[in-house]
1. Averaged over peptide B:18-30, how many Cβ atoms belonging to another chain are found within 10 Å of each residue's Cβ?
2. Taking 0.36 nm per residue of separation and subtracting the Cα-Cα distance, what length does fully extending residue A:21 through residue A:37 add?
3. Applying a 10 Å radius around every beta-carbon, put B:58-68, A:142-152 in order of their mean neighbour count, most first.
4. Among B:59, B:33, B:86, which residue has its Cα positioned farthest towards the positive end of the charge dipole of the stretch B:19-92, with +1 placed on the Cβ of Lys and Arg, -1 on the Cβ of Asp and Glu, and the dipole taken about the Cα centre?
5. If you count, for each residue, the other Cβ atoms within 10 Å and average over each peptide, how do B:79-90, A:10-21 line up from highest to lowest?
6. Using bins 5 angstrom wide from zero, how does P(r) for the stretch B:19-92 break down, in % of all Cα pairs?
7. I'd like the Karplus ³J(HN,Hα) series for the stretch A:122-129: coefficients 6.51, -1.76, 1.60, θ = phi - 60°, whole numbers in Hz, and an x wherever there's a Gly or Pro.
8. If you wrap a convex hull around the Cα atoms of the stretch A:1-59, how much volume per residue is inside, in Å³?
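Quick note: the coordinates plus some simple rules give every number you see, no bench work behind them. No experiment lies behind these values; they were computed from the predicted model shown. Neighbour counts are summed over all protein chains in view; Cβ atoms, including those assigned to glycine, are modelled from backbone coordinates with ideal geometry.
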Amino acid sequence: MHLPHGTLKQEFVKKWIMGLQRCKFSNKNMSIFERKKAIKLSADTAMASARKGLTCWSRALISNPDRPVPTTTRRASSACKKIVKRSRRIRRTAKCGAARKGQITRSIAQCLVRKRTQILKSLIPGGEFMNEVCLIEETLDYITSLRVQVDVMRSLASASARASEPHN
Amino acid sequence: MSSRGLRSRQSSGVSRIRDDQITDLVSKLQLLIPQIRGGRSHKVSASKVLQETCNYIRSLHREVEDLSHRLSELLASTDIDNDQAAIIRSLLM
């Protein structure tokens, strides 16, 4: 399932260039915002199709490229705050045995893991349908692909910037 | 949908294997995230790994947005023809 980095990069470059060729940048009526959207869409589509349907996130991204990504989730954090408040109250009122403390620490840790898993699910395309094992596997692959995407886009940006500099 | 089936089939043996799987995957994730990878040979908590993973993904998303914006300015005037496409491809590979 995992492609070596070089192959993944080649696939991405090939597909992204194909996508960029389809963009009509010379169209004067295109706003800079529309151009940016077209570039990002071509980059995301290329990144996803480079995985050749082998991962959930890539299939989800292709079928829904414009999904809004939430920046925060509030619901899980309020549950977490309740547990922390409850644990503080218990510590204040009772003579807390070591076992009790361990229990509280464990439940806070579990709460944090649950909360952060929810956030991760919202960040990975198609994540909301994944169980924990699948989610982490998909995350590993998604991060690798994102790094290739950023790497290539950065190279093109610096090459284009150099090309557009006036020659001395 | 799949997690409901997994829960009903779960015995202690299955959940132990699954926990091991998850621990293994979390340690792989730890290796990928630059913030927690460097020099740390001892274990980082799962919640910390998840938190840093989310932060890292968000920063990668932001970079893609910024780079798309930069490129929309740099690629403003010309369409990419086949010759240029070949040049760019060889440049980026």
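1. That average works out to 3.
2. 4.3 nm
3. By packing density, highest mean first, the sequence is A:142-152, B:58-68.
4. Selected residue: B:33.
5. Descending mean neighbour count gives A:10-21, B:79-90.
6. That works out to 3, 13, 15, 14, 11, 9, 9, 10, 9, 5, 1, in percent per bin.
7. 6, 8, 8, x, x, x, 5, 9
8. 79 Å³
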